[in-house]
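The values are calculated or read from the model by the stated rules, or taken from the named source; none is laboratory data. Note that the structure is predicted; figures quoted are calculated from it, not measured. Neighbour counts are summed over all protein chains in view; Cβ atoms, including those assigned to glycine, are modelled from backbone coordinates with ideal geometry. All accessible areas refer to the heavy atoms of the entire protein, side chains included, with ligands and DNA or RNA removed. Shrake-Rupley method; radii C 1.70, N 1.55, O 1.52, S 1.80 Å.
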Amino acid sequence: MPNPINSSHLDAEALYGVLLQKVQSGLSGASDVAIVGIHSGGAWLAERLAADLGLGARLGFIDVSFYRDDFAEKGLHADVKPSQIAFAVDGATILLVDDVLYTGRTTRAAINELFDYGRPAKIMLAALVDRGGRQLPIAADFVAASVTLDTAQALVLQRADAGQFTLTIE
């Protein structure tokens with residue numbers, strides 16, 4: 001398989017395939033598994049992972065807007081989505097899913113919000129791409145690829161109506 005990331009092209013579908021294989025392998029033997037996607041790119045990935053892993057009934061979504069430590073700085077985004085977790089979090093193995101892991105602040109906020117729903121037995125993190133630049137000691141358990149970008153650049157995951165992913169550098 002060709003490298004899904006190079007300097008000029010990001011193949012989000014190939015990256016998703018890599019992530020799915022890593023998650024399948026890493027969750028084998030885990031009990032009471034649930035998937036929680038972080039809006040919006042992580043939610044899209046979580047939906048597809050849940051379908052591919054047969055965990056559709058154990059799928060939830062969170063929006064960390066109110067849990068971010070830079071909320072006062074950035075304010076509230078116009079597209080805040082409601083969090084939806086309709087399963088028991090207590091004692092569950094939670095696969096937290098985000099599209100791009102960067103500073104670690106979104107992941108920290110997501111973990112804080114998860115604990116408002118209960119106390120999971122374990123939280124594992126899956127990210128499509130790790131772009132480095134961590135400000136907090138957070139690492140993904142499953143990541144499809146790592147890439148280094150200039151701080152002024154951003155990786156943006158998009159989902160077509162038919163469900164295919166594209167990843168662009170902005």
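Residues are listed down the side, and each one gets a yes or a no for (1) surrounded by 19 or more Cβ atoms within 10 Å (Cβ to Cβ); (2) within 13 Å of the chain's Cα centre (by Cα); (3) among the hydrophobic types (A, V, I, L, M, F, W, C); (4) modelled with pLDDT of 90 or more:
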{"site": "Gly41", "(1), (2), (3), (4)": "yes, yes, no, yes"}
{"site": "Ala50", "(1), (2), (3), (4)": "yes, yes, yes, yes"}
{"site": "Gly54", "(1), (2), (3), (4)": "no, no, no, yes"}
{"site": "Asp63", "(1), (2), (3), (4)": "yes, yes, no, yes"}
{"site": "Tyr67", "(1), (2), (3), (4)": "yes, no, no, no"}
{"site": "Glu73", "(1), (2), (3), (4)": "no, no, no, no"}
{"site": "Lys81", "(1), (2), (3), (4)": "no, no, no, no"}
**Study point:** Residue match in the stretch 103-116 (condition: crowded, with 19+ Cβ neighbours inside 10 Å and more than 15 Å from the chain's Cα centre (by Cα))
**Key:** no
Study note, to complete from the structure: Selection from the stretch 132-148 of residues assigned to a loop (DSSP other than H, G, I, E, B) and either in contact with a helix residue (DSSP H, G or I) (Cβ under 7 Å, 6 or more places away or on another chain) or exposed (fewer than 15 other Cβ atoms within 10 Å of the Cβ) (or both) yields Gly132, Gly133, Gln135, Leu136, Pro137, Ile138, Ala139, Asp141, Thr148
Study note, to complete from the structure: If we ask which residues in the stretch 144-170 are among the hydrophobic types (A, V, I, L, M, F, W, C) and within 18 Å of Gly133 (Cα to Cα), their number turns out to be 9
Point to revise | Filter result for the condition that a residue is within 14 Å of Gly41 (Cα to Cα), free of Cβ contacts under 8 Å to residues at least 60 places away in the same chain and open to solvent by 40 Å² or more (accessible area, probe 1.4 Å), over Ala160, Ala152 | key: Ala160
Point to revise | Looking only at the stretch 4-24, and only at residues there that are modelled with pLDDT of 95 or more and open to solvent by 80 Å² or more (accessible area, probe 1.4 Å), the one that is farthest from Val156 (Cα to Cα) | key: Gln24
Point to revise | Subset tally (residues that are without any contact (Cβ under 8 Å) to a residue 24 or more places away in the chain and part of a helix (DSSP H, G or I)) for the stretch 18-42 | key: 2
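Conditions tested, residue by residue: (1) closer than 19 Å to Val23 by Cα; (2) in contact with a strand residue (DSSP E or B) (Cβ under 8 Å, 6 or more places away or on another chain).
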| residue | (1), (2) |
| --- | --- |
| Gly104 | no, no |
| Leu114 | no, yes |
| Met124 | yes, yes |
| Phe165 | yes, yes |
| Ile169 | no, yes |
Exercise for review: Any residue in the stretch 46-66 that's free of Cβ contacts under 8 Å to residues at least 24 places away in the same chain: show its pairings with residues that are assigned to a helix (DSSP H, G or I) and open to solvent by less than 30 Å² (accessible area, probe 1.4 Å) at Cβ separation under 6 Å, as long as the two are six or more apart or on different chains.
Suggested key: Gly56/Ala50
Exercise for review: With respect to Ala46, determine if the residue is under 22 Å from Ala110 (Cβ atoms), touching a Lys or Arg at 6+ places or on another chain (Cβ under 8 Å) and surrounded by 16 or more Cβ atoms within 10 Å (Cβ to Cβ).
Suggested key: no
